[in-house]
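The values are calculated or read from the model by the stated rules, or taken from the named source; none is laboratory data. Keep in mind the model is a prediction, meaning the values are calculated, not measured. Backbone-built Cβ (ideal geometry, glycine too); neighbour counts: all protein chains shown. Note: areas computed on protein heavy atoms with side chains; ligands, DNA, RNA excluded. Shrake-Rupley method; radii C 1.70, N 1.55, O 1.52, S 1.80 Å.
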Amino acid sequence: MMRLAPLALLLLPSTGLAHPHIFVDASAGLRFDDAGRLEALRIVWLYDGMTTLNLYVQLGLDEDGDGALNEIDLARVAHGETDWPPEYEGDTYLLQGNAKVPLGRPRNGTARMIGDRVEVTFDLPLAEPLAVTDGAVLKLYDPTYFYAYSVETVLEPSALPADCALSVVPFEPDAADAEAQRQLAALSAEEVPDDPQIGERFADEVRLTCGSS
């Protein structure tokens, strides 16, 4: 997984030296098997323009200087963003009840440019197909809140069971959340929040509800 190196961090504008530093517009989709079990997630990350420029520097993209990324450049981006170390969970957390659902490693990673922003798409299989009678909740967040994910859309699901529905529940801060965000905004790029899971507090949710769940 490619995270910004020190050189790239130096390129962040001074007005951005506060948590979060990197902004991602995310989309999520679900894929079901013939038995109606959830078998994989489809994840899309659309990075902000400044982060895209930092990726140009960190990965040595656009060597010909024409401002466009060729197929080799895009393949490097896709590989860098989906070649995760074993301990990294991809800022992607699927929950059923209070239990975390085990996920596999990324597959079918691709990258493209959307205007002046880089977009990365990949599939994330579940370790085992999941019966969804009790529904499920998907959250995209960086525990340290260095990256901020905003879930913009839910992708068209594959064979969504007839009694199930998908919805996005955006994070809406209360006074305590707003104060926590203010304190985080005072942190530099090198500082880590005291709460190692603070990012979950500000996460949007994709909710799968089925039957009476």
Do you know the relative contact order of the chain, to the nearest whole percent, from alpha carbon pairs under 8 angstrom that are 6+ apart? 29 percent
What size of dipole, in debye to the nearest 20, comes out for the chain about its Cα centre when the only charges are +1 on Lys and Arg C-beta atoms and -1 on Asp and Glu C-beta atoms? 320 debye
Expected sort for 111-118, 130-137 on mean C-beta neighbours within 10 Å, highest first, is 130-137, 111-118
So what does log10 I(q)/I(0) come out to for the chain at q = 0.11, 0.12, 0.17 Å⁻¹, using the Debye formula with one equal point on every Cα and no solvent? -0.57, -0.67, -1.24
Per residue, how much accessible area does the chain have with a 1.4 Å probe, in Å²? 51 Å²
How far is helix 175-185 tilted off the main Cα axis of the chain, in degrees rounded to 10, range 0 to 90? 30 degrees
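Averaged across orientations, what area in nm² does the convex hull of the alpha carbons in region 82-121 project? Present the calculation step by step, with values, prior to reporting the outcome.
Numbers: hull surface 15.7 nm².
Projected over every direction and averaged, the Cα hull of region 82-121 covers 3.9 nm².
Largest first and in whole Å, what are the equivalent-ellipsoid semi-axes of region 29-132 based on the Cα gyration tensor, each being the root of 5 times an eigenvalue?
Working: eigenvalues 197, 34, 26 Å².
Each semi-axis is √(5λ); the values are 31, 13, 11 Å.
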For all pairs of alpha-carbon atoms in region 158-212, what percent lies in each bin of width 10 Å, listed from the first bin to the last filled one? 19, 36, 22, 16, 7
